[in-house]
Amino acid sequence: MRAYKYKLRPSAKVIAIFEAWLSICCELYNAAFQERRDAYRIAGKSVGFVEQCAELPEMKAERPDAARVHSQVLQNVLKRVARAFDDFFRRVKKGQKPGYPRFRSHLRYDSFTFPQAKSTFRLEGNRLHLSKIGKVKVHLSRPIEGKIKTCTIKREADGWYAIFAVEEPAAKPLPAPGESVGIDLGIENFATLSTGEVIENPQHLRAAERRLKTAHRKVSRRKRAGQRRKKAVRLLAMQHLKVKRQRADFHHKTARRLVNEFRVIVVEDLRIKGMIKNHHLAKSIGDAGWNQFIMILDSKAGETGRELIKVNPAFTSQDCSACGERVRKTLTMREHRCVACGLVMHRDHNAAANIERRGHRLQGWERMRSREN
Ligand SMILES: [Zn+2]
């Protein structure tokens, strides 16, 4: 499945319907959520997706405003609740400690989905026909390839979007280059590879981030509740969105390139890295969007039959990648100089080499374990 996202140009009338549907969907989400939670907490039994769907006609009879929302859109809301609980229990089973699913606020409930093409929506040229809503103009910035499965209408800071989930023919594994790479994600540079290559943060992204900072300052300078502050807040939201999109685009391109070039990709486990008690570092992990990058890399590796390995990040920048000697250095020391074997290389390059090696070691273990079983 691949997602195609397009800006919509809805009329004021359609926007009013979008808003009304979102509000009803959010209400339904929270009601369905509460029902499941109470059934589980009070009676110790679970209420499933099918049972909740069966209650929809009754709700629609009592609530004419809800009856105006397409029933498949409402069913999709119940599916989202089901997914939230399924994910939760799956992770509990795995021995993880996930946060309990939560109620959703109206502000953060920002999308609804038509789950079936043809019967509930169809795209004709640049017109999107939505059942029970009507026609909406779409800005088709790129053509869709493949079979459209679902359509999600989403509210963002700068307007409304349609996101189409499209089924693509199964991806063939790329011709394997038969090599592995270790990646050190950085602050100074976006990434350093064990091959020695440095991937910089793109210029335009850095410029957008600077503009974001200016917009932030502007908001804090304006008087509370003033018109000019409102305008500055809107500007800030737009800048945020822009940076978010540019960064996602950069992450996609970089991840695509890496899976094209390498068969095995080794990165540091950010969950462990985040636990290292260093606020400066924790902030950097969030700011640089490393988590998002790893997620994208993970999914692209899955699509193309590549292997992504996550290794323990402890001492990757301290240890010598040639002889293993632990060479202590502070954050400002940008070079690795081994006192034992004399190796000199850039700190991040040395770290990337260690990361790659740990991946190899982990792979060896996995193989041994699978032989034992
Ligand atoms: Zn050494």
- Task: Would you mind telling me which numbered condition in (1) without any contact (Cβ under 8 Å) to a residue 12 or more places away in the chain; (2) out of contact with any helix residue (DSSP H, G or I) (no Cβ under 6 Å at 6 or more places or on another chain) Ala67 fails?
- Result: (2)
- Among the residues of region 314-334, which ones are hydroxyl-bearing (Ser, Thr, Tyr) and either within 14 Å of the ligand (Cβ to nearest atom) or within 32 Å of the chain's Cα centre (by Cα) (or both)? Thr316, Ser317, Ser321, Thr332
- Task: All but one of (1) at pLDDT 90 or above; (2) surrounded by 13 or more Cβ atoms within 10 Å (Cβ to Cβ) hold for Arg257, so report the exception by its number.
- Result: (2)
- Counting only helices (runs of 4 or more DSSP H) wholly inside region 260-373, the ones holding at least 2 residues that are modelled with pLDDT of 90 or more and not assigned by TED's automatic domain parsing to the domain that holds Ile187 are none
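Which residues, counting only those in region 226-240, are in a helix (DSSP H, G or I) and either farther than 27 Å from Asn291 by Cα or in contact with an Asp or Glu (Cβ under 6 Å, 6 or more places away or on another chain) (or both)? Show your work before the answer.
Initially, region 226-240 is screened for residues in a helix (DSSP H, G or I), giving 227-240.
Residues satisfying the conditions are Gln227, Arg228, Arg229, Lys230, Lys231, Ala232, Met238.
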- Message: I'd like the full set of residues that are surrounded by fewer than 21 Cβ atoms within 10 Å (Cβ to Cβ) and assigned to a strand (DSSP E or B), limited to region 187-202.
- Response: Val198, Ile199
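How many residues, within region 92-111, are under 28 Å from Leu22 (Cβ atoms), basic (Lys, Arg) and at pLDDT below 90?
Of all residues in region 92-111, those under 28 Å from Leu22 (Cβ atoms) come to 98-111.
Still in the list and also basic (Lys, Arg): 102, 104, 108.
This time we only want the ones that are at pLDDT below 90, so: 102, 108.
Number of matching residues: 2.
Yes or no, residue by residue, for (1) surrounded by fewer than 16 Cβ atoms within 10 Å (Cβ to Cβ); (2) more than 26 Å from the chain's Cα centre (by Cα); (3) not assigned by TED's automatic domain parsing to the domain that holds Lys242:
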{"position": "Arg63", "(1), (2), (3)": "yes, yes, yes"}
{"position": "Asn76", "(1), (2), (3)": "no, no, yes"}
{"position": "Arg83", "(1), (2), (3)": "yes, no, yes"}
{"position": "Gly99", "(1), (2), (3)": "yes, no, yes"}
{"position": "Arg127", "(1), (2), (3)": "yes, yes, yes"}
{"position": "Val136", "(1), (2), (3)": "no, yes, yes"}
{"position": "His139", "(1), (2), (3)": "yes, no, yes"}
- Task: State the number of residues belonging to region 70-100 that are under 26 Å from Ile133 (Cα atoms) and either free of Cβ contacts under 8 Å to residues at least 24 places away in the same chain or aromatic (Phe, Trp, Tyr) (or both).
- Result: 1
- Message: Going residue by residue through region 107-116, is there one that turns out to be of a type in the set (S, T, N, Q) and surrounded by 18 or more Cβ atoms within 10 Å (Cβ to Cβ)?
- Response: yes
- Task: May I ask you to verify whether Lys244 is without any contact (Cβ under 8 Å) to a residue 40 or more places away in the chain, closer than 25 Å to Phe293 by Cα and not small (Gly, Ala, Ser)?
- Result: yes
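Taking the stated definitions as given, is His252 at pLDDT 85 or above, over 25 Å from Thr316 (Cα atoms) and not hydrophobic (A, V, I, L, M, F, W, C)?
Values: at pLDDT 85 or above: yes; over 25 Å from Thr316 (Cα atoms): yes; not hydrophobic (A, V, I, L, M, F, W, C): yes.
Considered against the rule, which asks whether it is at pLDDT 85 or above, over 25 Å from Thr316 (Cα atoms) and not hydrophobic (A, V, I, L, M, F, W, C), His252 comes out as yes.
Quick check on region 170-177. Is at least one of its residues under 30 Å from Ala352 (Cα atoms), in contact with a helix residue (DSSP H, G or I) (Cβ under 8 Å, 6 or more places away or on another chain) and not in a loop (DSSP other than H, G, I, E, B)?
no
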- Task: Provide a single number: the residues in region 335-366 that are more than 11 Å from the ligand (Cβ to nearest atom), surrounded by fewer than 18 Cβ atoms within 10 Å (Cβ to Cβ) and among the small types (Gly, Ala, Ser).
- Result: 1
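The values are calculated or read from the model by the stated rules, or taken from the named source; none is laboratory data. Bear in mind the structure is a predicted one, so any value in this text is a computation, not a measurement. Heads up, the Cβs are rebuilt from the backbone with ideal geometry, glycines too, and the neighbour counts pull from every protein chain shown.
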